[in-house]
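Student: Please see the structure below; I have some questions.
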Amino acid sequence: MIDNFSNSQHVRKTVIATEGGIVAAQHRRAAAVGAAVLAAGGDAVDAAIATSFAIGVVEPWMSGPAAGGVMMLWRADEQRARVIDFGCRSPRELDPANYPLSGAGKSSDLFPWPAVVDDRNVMGATAVAVPGVVSGMGLAHEHFGRLPWHDLVSPAAKLAEEGLIVDWYTSLLIGANARALSQDAHAAALFLEEGQWPISGDWTALNDRHLNQQAFARTLQHIAEFGPEAFYTGDIAHALVRDVRAKGGCLSLEDLASYQAEMVEPLEIPYSGGRVYAAPGMTGGPTLGKALELLAREHLRAQSAEAPGVATYTGFARALDAAFRVRFESMGDHESPRAPGCTTHFSVVDRHGNMVAVTQTLLSIFGSRVVSPSTGLLLNNGVMWFDPEPGKPNSLAPNKRCLANYCPVIGEDSRARRFAIGASGGRKILGSVMQLSSFIMDHGLDLEEAFHQPRIDVSGGGQVIADHTLPADVLSALSKTMPVTEARRNAYPYAFACPAGVMRDGDLNTGCTEIMSPYGDAVSEGQVA
């Protein structure tokens, strides 16, 4: 394989054990907000709520209040897992007839659906689904929060007031998506100069350029002062609906007022002398359960004392390939395996052992590429989750729950070590979560070792994307299973998913994020106290 990158550069992230709580997130500033909540006496759920709102400011292209997702919880006092589902829904007034097939091949974005006229299901206000993040965080706070709601949301408002600094990575993401962002006047005003050129930082490290997130700051402050219901029934709801409908979308006040996140029981998946808890329903959880069932048949448990090797990775490949074939046949998810997705994940553990794993997403990067000018919110394109061709398991319809790939988990191995892990990365998420769980549960790796261990991706299409640092015998064995393409773990684009996780071993907590993520980090409460 010939490419332009150094073969002598090695990237690692340091993992430090502490008795205090930890937040591991795709952005260090958001993790620090959550860690400060832990230091102030907050529960893991309090920290997760604060992190959720903060990460929507510092990673606006990935998630935010206009996103959807799911939260996995572990309550140490009850020794019990729970799930809060706050996935997006299609609008009640959505008419599938308004999304006619163009006959021009496949869609231009994440899913290889038949292309729709003008990409109406992919870009623009016609792609906006009913968001669930604020309702999900509100439900979590109602049941488990200890600190006042205002104290959890206002730090995000302060971050937005300051405005996101435009450094090299922000410039890279904006530049890579500038053409799509230029199609909406308000997205262009936020992210571009003269409606065309990417806002970018200086070439030196001394950069003081910031995005203007003042409207977003006002929205967050309003949510902080008046609670989560203000997003769905108050001034924000009216402004959001007015903006979306003015741009041609069909989101309604009834959609927002009737939206309710749900608390449900998790899937409990026995595996390797322990168990994994995952979200049920329209998530990656059921497919993860199938993959772990198949993986157990590969007899990886017999190698618990060994480092991951040939049998490990060929077992991963066969289990994931079979699990995704079942998913395609039963759930209708046919996302392109090369699609990066637009998602964020963070995990929290507090000093008492409570854990939270949250994945939330706008779906595509920069979502619908539409900004609501009144609220400052970058909006999701959740309508794209549905197959525009009628008569399929996941066909487009009004007031319907979206089928998503996010797959946060809480796991416990045979040594009573507990972990909370998830990832961003579209359909790559599931394989990442499965492999990290196996590294811990089958091979006894700690969190640092698991996150630095090379991974593969098998997420449909009958092929393996393999980390090029895997040993030659592993790559050779994989090539006999199915076609193999070697790839690097890069900062952009990601060939593999971007995970974040925490672990509790006895009274000690650790946290880690994807080693190639330039923003991702684990922050302990002791670092911000």
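Student: I'd like to check which strands (runs of 3 or more DSSP E) are fully inside the range 56-137 and have at least 3 residues that are within 17 Å of the chain's Cα centre (by Cα) and aliphatic (A, V, I, L, M).
Tutor: 68-75
Student: Looking only at the range 233-288, which residues are of a type in the set (Phe, Trp, Tyr) and either more than 30 Å from TRP74 (Cα to Cα) or touching a strand residue (DSSP E or B) at 6+ places or on another chain (Cβ under 7 Å) (or both)? Full working, then the answer.
Tutor: Pass one, the range 233-288, residues of a type in the set (Phe, Trp, Tyr): 259, 271, 277.
Result: TYR259, TYR277.
Student: Being part of a helix (DSSP H, G or I), of a type outside the set (Gly, Ala, Ser) and surrounded by fewer than 23 Cβ atoms within 10 Å (Cβ to Cβ): is that true of ARG29 here? Outline the logic, then answer.
Tutor: Details: part of a helix (DSSP H, G or I): yes; of a type outside the set (Gly, Ala, Ser): yes; surrounded by fewer than 23 Cβ atoms within 10 Å (Cβ to Cβ): yes.
Yes; evaluated as a whole, the condition is true for this residue.
Student: Still on this structure, please answer the following. If I ask for residues that are more than 30 Å from ALA416 (Cβ to Cβ) and either charged (D, E, K, R) or surrounded by fewer than 19 Cβ atoms within 10 Å (Cβ to Cβ) (or both), which ones from the range 439-459 would you list? Give the derivation first.
Tutor: Initially, the range 439-459 is screened for residues more than 30 Å from ALA416 (Cβ to Cβ), giving 457-459.
Selection gives ASP457 alone.
Student: Separate question: Quick check on the range 282-304: of everything there that is surrounded by fewer than 19 Cβ atoms within 10 Å (Cβ to Cβ) and of a type in the set (Lys, Arg), which residue is modelled with the lowest pLDDT?
Tutor: Among residues in the range 282-304 that are surrounded by fewer than 19 Cβ atoms within 10 Å (Cβ to Cβ) and of a type in the set (Lys, Arg), the one modelled with the lowest pLDDT is ARG301.
Student: Sticking with this one: When you scan the range 17-25, do you find a residue that is assigned to a helix (DSSP H, G or I) and crowded, with 24+ Cβ neighbours inside 10 Å, even just one? So that I can check it myself, show each step before the final result.
Tutor: Initial filter on the range 17-25 (assigned to a helix (DSSP H, G or I)): none.
No - not one qualifying residue is present in the range 17-25.
Student: Sticking with this one: Just checking, does the range 472-494 include any residue being in a helix (DSSP H, G or I) and more than 18 Å from GLY315 (Cα to Cα)? Walk me through how you get there before you give the answer.
Tutor: Within the range 472-494, the subset in a helix (DSSP H, G or I) is 472-479.
Those left that are additionally more than 18 Å from GLY315 (Cα to Cα): none.
Scanning the range 472-494 turns up no residue that is in a helix (DSSP H, G or I) and more than 18 Å from GLY315 (Cα to Cα).
Student: Could you check VAL502 against (1) touching a Leu at 6+ places or on another chain (Cβ under 9 Å); (2) without any contact (Cβ under 8 Å) to a residue 40 or more places away in the chain; (3) not in a loop (DSSP other than H, G, I, E, B) and say which number it fails?
Tutor: Here VAL502 clears every test but (2).
Student: If a residue has to be surrounded by 13 or more Cβ atoms within 10 Å (Cβ to Cβ), more than 26 Å from ALA176 (Cβ to Cβ) and not hydroxyl-bearing (Ser, Thr, Tyr) to count, how many in the range 472-493 make the cut?
Tutor: Of the residues in that region, 6 qualify.
Student: Filter the range 78-134 for residues that are without any contact (Cβ under 8 Å) to a residue 60 or more places away in the chain and aliphatic (A, V, I, L, M); which is nearest to ARG401 (Cα to Cα)?
Tutor: The selected residue is ALA97.
Student: Being closer than 20 Å to SER424 by Cα, buried (at least 19 other Cβ atoms within 10 Å of the Cβ), at pLDDT 80 or above and not polar (S, T, N, Q) is the requirement here; does ASP333 meet it?
Tutor: no
Student: Right, next: Among the candidates GLN435, GLN453, single out the residue that is out of contact with any strand residue (DSSP E or B) (no Cβ under 8 Å at 6 or more places or on another chain) and in the same structural domain as ARG75 (by TED's automatic domain parsing).
Tutor: Values: GLN435 fails: out of contact with any strand residue (DSSP E or B) (no Cβ under 8 Å at 6 or more places or on another chain).
Of GLN435, GLN453, the one residue that is out of contact with any strand residue (DSSP E or B) (no Cβ under 8 Å at 6 or more places or on another chain) and in the same structural domain as ARG75 (by TED's automatic domain parsing) is GLN453.
Student: Can you say whether PRO114 is surrounded by fewer than 20 Cβ atoms within 10 Å (Cβ to Cβ) and either at pLDDT below 95 or in contact with a strand residue (DSSP E or B) (Cβ under 7 Å, 6 or more places away or on another chain) (or both), as far as the supplied structure shows? Outline the logic, then answer.
Tutor: Working: surrounded by fewer than 20 Cβ atoms within 10 Å (Cβ to Cβ): yes; either at pLDDT below 95 or in contact with a strand residue (DSSP E or B) (Cβ under 7 Å, 6 or more places away or on another chain) (or both): yes.
Yes: the conditions hold for PRO114.
Student: Ok, one more. Keeping to the range 227-252, report how many residues are closer than 11 Å to PRO91 by Cβ and not β-branched (Val, Ile, Thr).
Tutor: Within the range 227-252, the first condition is being closer than 11 Å to PRO91 by Cβ, and the residues that meet it are 241, 244-245, 249-252.
In the following step, the residues that additionally are not β-branched (Val, Ile, Thr) were identified as 245, 249-252.
Qualifying residue count for the region: 5.
The values are calculated or read from the model by the stated rules, or taken from the named source; none is laboratory data. On a predicted model such as this, the values are computed, not experimentally measured, just so you know. Cβ coordinates were reconstructed from backbone atoms using ideal geometry, including for glycine residues, and neighbour counts include every protein chain displayed.
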